[in-house]
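Take a look at the structure set out below.
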Amino acid sequence: MTHEVLSHDPVAVEPLLELDAHPECGGLALFVGTVRDHHEGRAVRHLKYTAHEPLAAKIIREVEHVTRERYGVPYIRIVHRLGDLAIGDIAIVCVVRAPHRAEAFDACRYAVDAVKHGAPIWKEEFYTDGSSAFVEGCCIRDDLEEDAPAVHRHHSHTSHG
Amino acid sequence: MTPIVFELFANLERLAGAKECRLDAVDDVATIGDALALLARERPELAGSLDRCACVSGDAIVRRADAVPSDGRIALLPPVAGG
């Protein structure tokens, strides 16, 4: 069954938990990313997420699949919000159910990082001074080293956590 | 030959002031890389941003060495920043 991985409407966490549906699971790891009121020293008033929706949905589903296989977890749900968001709104939810906590934590972290670094979603921040900017992110070209210096590929991810 | 239409996202859309950019004179354009080189000449305001873009046809990433898709549509995806 396919489910929604991109949402233009506010995301509710509770329905994603499936607390009663996995009796073999003793662990639930949950990451909820919310909109922060600052970025690199600038005050953020609100933001907008846009996406290449067909590819973003495909990549998020692939991340769910790879995470299930790699960590042996029976259940993972990822939902990323699109559109206009206010400070404190939910941007991304990742839920993992697992028999034990270790694989739940590991799988949840892996999945969120994989979405942030691979799904074509862009964050446009609107600042209190009236300006706006797209947050600098990760290049998702997969043929960069064939015809261009690889310098751009190995940048730090610390600025967009 | 079918014109090539680049679909623009995020800062590329902002730089171009449009969601799409169409190239009509595409007789010598065989690959995605050729198309990007032509785009860089025609739209110099975009040229500096193209190296870090992924190219997409439908829901699949395509490479610079691949042929231009038969429908002539190429989405240009700048570096991503979700989450």
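The table below lists the values:
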{"quantity": "Identity of the residue in the range A:32-41, open to solvent by less than 90 Å² (accessible area, probe 1.4 Å) and in contact (Cβ under 8 Å) with a residue 60 or more places away in the chain, that ends up nearest to A:V73 (Cα to Cα)", "calculated": "A:V32"}
{"quantity": "Residue count, the range B:26-45 (criterion: of a type in the set (D, E, K, R) and part of a helix (DSSP H, G or I))", "calculated": "4"}
{"quantity": "Residue in the range A:61-68 that is touching a Leu at 6+ places or on another chain (Cβ under 7 Å) and more than 29 Å from B:E13 (Cβ to Cβ) present", "calculated": "no"}
{"quantity": "Of all residues making up the range A:127-145, the number that are open to solvent by less than 50 Å² (accessible area, probe 1.4 Å), more than 7 Å from chain B (Cβ to nearest Cβ) and touching a residue at least 60 places away in the same chain (Cβ under 8 Å)", "calculated": "1"}
{"quantity": "Count of residues meeting criterion [within 17 Å of B:S70 (Cα to Cα), open to solvent by less than 50 Å² (accessible area, probe 1.4 Å) and without any contact (Cβ under 8 Å) to a residue 24 or more places away in the chain] in the range B:1-32", "calculated": "1"}
{"quantity": "Wholly within the range A:9-97, strands (runs of 3 or more DSSP E) carrying at least 2 residues that are over 22 Å from A:G118 (Cβ atoms) and more than 17 Å from the chain's Cα centre (by Cα)", "calculated": "A:27-34, A:42-51"}
{"quantity": "Selection from the range B:58-83 of residues that are of a type outside the set (G, A, S) and open to solvent by less than 10 Å² (accessible area, probe 1.4 Å)", "calculated": "B:I74, B:L76, B:L77, B:P78, B:V80"}
{"quantity": "Subset of the range B:42-59 (residues that are free of Cβ contacts under 8 Å to residues at least 12 places away in the same chain and within 13 Å of chain A (Cβ to nearest Cβ))", "calculated": "B:G48, B:D51, B:G58, B:D59"}
{"quantity": "Filter result for A:I76 (modelled with pLDDT of 95 or more, open to solvent by less than 40 Å² (accessible area, probe 1.4 Å) and within 26 Å of B:V62 (Cα to Cα))", "calculated": "no"}
{"quantity": "Options B:A37, B:A65, B:A75: the member that is at the interface with another protein chain (Cβ under 8 Å from one of its Cβ atoms) and farther than 30 Å from A:L47 by Cα", "calculated": "B:A65"}
{"quantity": "Selected residue (criterion: nearest to B:A10 (Cα to Cα)) from residues of the range B:46-74 that are of a type in the set (G, A, S) and assigned to a strand (DSSP E or B)", "calculated": "B:A54"}
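The values are calculated or read from the model by the stated rules, or taken from the named source; none is laboratory data. Being a predicted model, the structure only gives us computed values, none of them experimental. Cβ sites come from the backbone with ideal geometry, for glycine too, and all protein chains shown count toward neighbours. Ligands, DNA and RNA are stripped out before the accessible areas are found, and what is left, the full protein with its side chains, is counted by its heavy atoms. Shrake-Rupley method; radii C 1.70, N 1.55, O 1.52, S 1.80 Å.
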